[in-house]
Amino acid sequence: MTDKTQNAMWGGRFAAGPDAIMEAINASIGFDRRLYAQDIAGSRAHAAMLAATGIISDKDAEAIREGLLTVLSEIEGGNFAFSTALEDIHMNVEARLKEIIGEPAGRLHTARSRNDQVATDFRLWVRDQCDAAVGGLVALQQALLAQAEAGADWVMPGFTHLQTAQPVTWGHHMLAYVEMTARDIGRFSDARKRMNESPLGAAALAGTGFAINRDMTAKALGFDRPMANSLDAVSDRDFALEFLSASAICAVHLSRLAEELVIWSSAQFRFVTLSDRFSTGSSIMPQKKNPDAAELIRAKIGRVLGAAVALFTVMKGLPLAYSKDMQEDKEQVFDAADTLMLALAAMTGMVSDMTANRANLEKAAASGFSTATDLADWLVREAGLPFRDAHHVTGALVAMAEKKGCDLPDLSIADMTSVHPAITEDVYSVLGVQNSVASRKSFGGTSPDRVREQVAAWKARLG
């Protein structure tokens, strides 16, 4: 590209093009080329509106429309030469449009600025990513539901502090993540609603003197309405911050599940077997099967959270309206979106393919005095003890079982009545892990009946 062409794109104020350093720091085409489809869609909507309002001729609008379709085809076909000298996706598209259709291309930028153009493009892209995240989360929910349905009555230990607490069902544990992902879906959906207003037509910061129709362009691009304040329209990046915030929380949820898969698939637990598709072997230890996909998901929260922190830092001190700092918004969002979608796909694959080892789950559920709370509850319910007294009696029985090297159900009735005479043979009805989970019938509880109800409700909800 000649200096003359370069200068023309920059405008008459500059006597010479930027030097190599300035070009490198100023250009964004290396990453914002991902906005090409949104940029061309926005330009097509803008050109149609300019023609409808009589600001440009129908003939010029048609030339622009056809030219933009050609540019789109070239980019999608891999036949488009991106130039760092043209800085960004907007100037690259406009320059190529001029080569294709000539002088009418110069009318496309009437009544708009790169400020409202990039705000529109980026908002459209993030809106699409919200939809993609929801789709990925629904797929994960369906995989979790399949596991929950299969293991609605499979007993496993529930943990607090990673110590055996009370028996729960495998289905109940899987449903916990269904609920978590539902909140993630809610956050992405709420963010999408808030961001669905069009900045196009705000121009540089103050609006425009041309008699444009912002409602027309908003409708054409699928927005609910135009943004009501031109300063806010070009300076707002709340939509990107909300997307990153929702992504970070979602990534935390994926990381927590990944951590459990790492623990559960270990030789010490053997709760689950991960498929070979999402595991690797050791270069030196042939017996090992490493949960690498889960470990990588667990690590990727750092990238997503880092992106959120980076963009919050960029935005925190900016005055209205647009500042070049805001060019640093896109790489963070692009990377976070890519990372999240990859993590969702990998987790969905792992959950779909993994096999829960029912016998190991039940064996572990019966260890660690997991039915101690059931015993205390029985003492309250059947023997009439205050809970604090029941807690003390149960603690004494646990100590006795530990000394004998057995679990609570293995204590004889004589052992139990030696601690408290009100205990009867009926106590054994609550000490088995199956009986324990079956008794937890309160709404949201772990009993197989409640789990099956929740599975059915979620399947109906997801269609």
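State whether one or more residues within segment 214-222 are in contact with a Phe, Trp or Tyr (Cβ under 6 Å, 6 or more places away or on another chain), within 16 Å of ARG123 (Cα to Cα), among the small types (Gly, Ala, Ser) and surrounded by 18 or more Cβ atoms within 10 Å (Cβ to Cβ).
no
Could you list, in sequence order, the residues of segment 381-418 that are surrounded by fewer than 15 Cβ atoms within 10 Å (Cβ to Cβ) and not in a helix (DSSP H, G or I)?
GLY384, PRO386, GLY405, CYS406, SER412, listed by residue number.
State which residue is modelled with the highest pLDDT when the search covers only segment 1-54 and only residues that are hydrophobic (A, V, I, L, M, F, W, C) and assigned to a loop (DSSP other than H, G, I, E, B). If you could, list the steps in order and put the result at the bottom.
Taking segment 1-54 as the starting set, the residues that turn out to be hydrophobic (A, V, I, L, M, F, W, C) are 1, 8-10, 14-16, 20-22, 24-25, 27, 29, 31, 35, 37, 40-41, 45, 47-52.
Right, trim to assigned to a loop (DSSP other than H, G, I, E, B) and you get 1, 14-16, 27.
Numbers: MET1: 47, PHE14: 50, ALA15: 51, ALA16: 51, ALA27: 74.
Going through the qualifying residues, I end up with ALA27.
Quick test for you: out of ASP377, ASP325, pick the one residue that is assigned by the TED database to the domain that holds ASP407, open to solvent by 20 Å² or more (accessible area, probe 1.4 Å), over 30 Å from GLN141 (Cβ atoms) and assigned to a helix (DSSP H, G or I).
ASP377
Within 25 Å of ALA346 (Cα to Cα), under 17 Å from the mean Cα position of the chain (by Cα) and of a type in the set (A, V, I, L, M): which single residue out of LEU137, LEU145, LEU175 fits that description?
Of the residues listed, the single one that is within 25 Å of ALA346 (Cα to Cα), under 17 Å from the mean Cα position of the chain (by Cα) and of a type in the set (A, V, I, L, M) is LEU137.
Matching residues to (1) crowded, with 18+ Cβ neighbours inside 10 Å; (2) out of contact with any Lys or Arg (no Cβ under 7 Å at 6 or more places or on another chain); (3) touching a residue at least 40 places away in the same chain (Cβ under 8 Å):
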{"residue": "ALA148", "(1), (2), (3)": "yes, yes, yes"}
{"residue": "ALA152", "(1), (2), (3)": "yes, no, yes"}
{"residue": "PRO157", "(1), (2), (3)": "yes, yes, yes"}
{"residue": "THR164", "(1), (2), (3)": "yes, yes, yes"}
{"residue": "HIS172", "(1), (2), (3)": "yes, yes, yes"}
{"residue": "GLU179", "(1), (2), (3)": "no, yes, no"}
{"residue": "ALA182", "(1), (2), (3)": "no, yes, yes"}
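Exactly one condition in (1) modelled with pLDDT under 90; (2) farther than 30 Å from GLY405 by Cβ; (3) touching a Ser or Thr at 6+ places or on another chain (Cβ under 6 Å); (4) aliphatic (A, V, I, L, M) is false for ALA336; which is it?
Checking ALA336 against (1) modelled with pLDDT under 90; (2) farther than 30 Å from GLY405 by Cβ; (3) touching a Ser or Thr at 6+ places or on another chain (Cβ under 6 Å); (4) aliphatic (A, V, I, L, M), the one that fails is (1).
When you check VAL304 against the structure, is it out of contact with any Asp or Glu (no Cβ under 9 Å at 6 or more places or on another chain) and either in the same structural domain as GLY151 (by the TED database) or outside any loop (DSSP other than H, G, I, E, B) (or both), yes or no?
No, not satisfied.
Residues being touching a helix residue (DSSP H, G or I) at 6+ places or on another chain (Cβ under 9 Å) and among the basic types (Lys, Arg): count how many of those fall in segment 326-378.
Number satisfying all stated conditions: 2.
So, in segment 162-193, how many residues would count as being more than 22 Å from SER447 (Cα to Cα) and either of a type in the set (A, V, I, L, M) or not in a helix (DSSP H, G or I) (or both)? Even if it seems obvious, please write down each step before you answer.
Here is the first cut: in segment 162-193, the residues more than 22 Å from SER447 (Cα to Cα) are 183-193.
Next cut, either of a type in the set (A, V, I, L, M) or not in a helix (DSSP H, G or I) (or both) only: 185, 191.
Of the residues in that region, 2 qualify.
Let me spell it out: the conditions are (1) among the small types (Gly, Ala, Ser); (2) at pLDDT below 90; (3) open to solvent by less than 40 Å² (accessible area, probe 1.4 Å), and SER367 meets all of them except one. Which number is the exception?
Only one criterion is unmet by SER367, namely (3).
Scanning segment 419-463 for residues that are small (Gly, Ala, Ser), within 18 Å of GLU179 (Cβ to Cβ) and assigned to a helix (DSSP H, G or I), which turns out most open to solvent (accessible area, probe 1.4 Å)?
ALA460
The values are calculated or read from the model by the stated rules, or taken from the named source; none is laboratory data. Just so it is clear, the structure is predicted and the values come from calculations on it, not from any experiment. Note: ideal-geometry Cβ built from the backbone for every residue, glycine included; neighbour counts use all protein chains shown. We work out accessible area using only protein heavy atoms, side chains counted, and drop any ligands, DNA or RNA first. Shrake-Rupley method; radii C 1.70, N 1.55, O 1.52, S 1.80 Å.
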